[in-house]
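Enquirer: The structure follows.
Derivation of every value follows stated rules applied to the coordinates shown; laboratory data play no part. The structure presented is a predicted model; accordingly, all values stated were derived computationally and were not measured. Don't worry about glycine lacking a Cβ; one is built from the backbone with ideal geometry, like all the others, and counts go over all protein chains shown.
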């Protein structure tokens with residue numbers, strides 16, 4: 001099992017509408033790719049939020065091939081859509097993790 005993690009710092013001026021967009025548009029679009037089996041959308045706590053809150057969205061992929069398919073076919077379009085919608089009001093970084101049993 002692999003976890004594709006996207007951590008995002010959100011400008012306070014768009015915070016509430018961004019959260020709604022994530023829940024109603026962006027996360028469903030990513031899940032619709034069929035590359036991930038489930039997701040978790042969380043807010044990081046115990047951070048200095050004076051410049052905006054930080055969120056993590058974790059998508060679970062059954063295999064590295066599923067994750068690679070997401071990158072090859074879907075990631076660029078979805079990242080560009082995010083940039084076109086929010087510009088520099090959101091800053092994110094991505095990481096891939098493997099679940100250790």
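Enquirer: Counting other beta carbons within 10 Å of each Cβ, put 70, 39 in order, fewest first.
Expert: Fewest-to-most Cβ neighbours within 10 Å comes out as 39, 70.
Enquirer: Note the listed values (i) 1.01; (ii) 1.31; (iii) 0.97, then indicate which one is Rg/Rh (Cα atoms, Kirkwood Rh) calculated from this particular structure.
Expert: (iii)
Enquirer: Please check: in the Gaussian network model of the chain (C-alpha springs, under 10 Å), which one of 73, 27, 91 has the largest mean-square fluctuation.
Expert: 73
Enquirer: Listed highest first by mean packing, meaning other Cβ atoms within 10 Å per residue, what order do 6-14, 92-100 come in?
Expert: Packing order, densest peptide first, comes out as 6-14, 92-100.
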